[in-house]
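Participant: Below you will find the structure I want to go over with you.
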Amino acid sequence: MYFAIVAIDRPGVAELRAATRPAHREYLKAPPHGVTYRLGGPLMAPDGTSAIGSLLVVEAADLATAERFSANDPYSKADIFAEVAIRPWDWGTGNPDKR
């Protein structure tokens, strides 16, 4: 099952986000057992140059597994996010596994 993780940054965390980014990227390369990272990237401010959050799509057996994955992300552990929403998601089009 796929899950969309939408996380919105707290104000004033741009430097912390930048400092934590290498650990976050490593975490996505080798996620915990039971989770497959499918796609993601920063949510951008209207100016298109400033990150204001993150959008990730993961594949996991259930919501609890996706929640653990999100909670253990270095961005979450660094308290970058003001809010995080995790919702089941249906990959309707563009799924490379369903060509």
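Participant: Hey, got the dipole for segment 2-89? About the Cα centre, +1 on K and R Cβ, -1 on D and E Cβ, debye to the nearest 20?
Facilitator: The dipole of segment 2-89 has a size of about 180 debye.
Participant: If you don't mind, there's one more thing I want to ask. What is the sum of charges around PRO32, taking Lys and Arg as +1, Asp and Glu as -1, for the other residues whose C-beta is under 13 Å from the C-beta of PRO32?
Facilitator: It works out to a net charge of -2.
Participant: Between segment 46-99 and segment 1-25, what is the separation of their alpha carbon centroids in Å?
Facilitator: With segment 46-99 and segment 1-25 each reduced to a Cα centre, they are spaced 10 Å.
Participant: Convex hull over the Cα atoms of segment 52-92, averaged projected area in nm²?
Facilitator: 3.2
Participant: Can you pull the one-decimal nm distance between simple spin-label points at TYR37 and TRP91, each 7 Å off the Cα toward Cβ?
Facilitator: Between TYR37 and TRP91, the label points sit 1.5 nm apart.
Participant: Using only Cα atoms, find the angle between the long axis of helix 14-29 and the longest principal axis of the chain, and express it within 0 to 90 degrees, rounded to the nearest 10.
Facilitator: 20
Participant: In degrees, nearest 10, range 0 to 90: what is the angle between the Cα axis of helix 63-72 and the longest Cα principal axis of the chain?
Facilitator: Approximately 30 degrees, to the nearest 10.
Participant: What is the fewest-to-most order of VAL84, VAL58 by other Cβ atoms lying within 10 Å of their Cβ?
Facilitator: Least to most surrounded, the residues fall as VAL84, VAL58.
Participant: Name the residue from GLY40, GLY12, PRO88 whose Cα lies farthest towards the positive end of the charge dipole of segment 2-89, charges +1 on Cβ of Lys and Arg and -1 on Cβ of Asp and Glu.
Facilitator: Farthest towards the positive end: GLY40.
Participant: Report the percentage of all Cα-Cα pairs in the chain whose separation exceeds 20 Å, rounded to a whole percent.
Facilitator: Tail of P(r) above 20 Å: 36 percent of Cα pairs.
Just so you know, all these numbers are worked out from the coordinates, no wet-lab data involved. The shown structure was predicted, so the numbers you read here are calculated from the model rather than taken from an experiment. With ideal geometry, Cβ positions are generated from the backbone for all residues, glycine too; neighbour counts draw on all protein chains shown.
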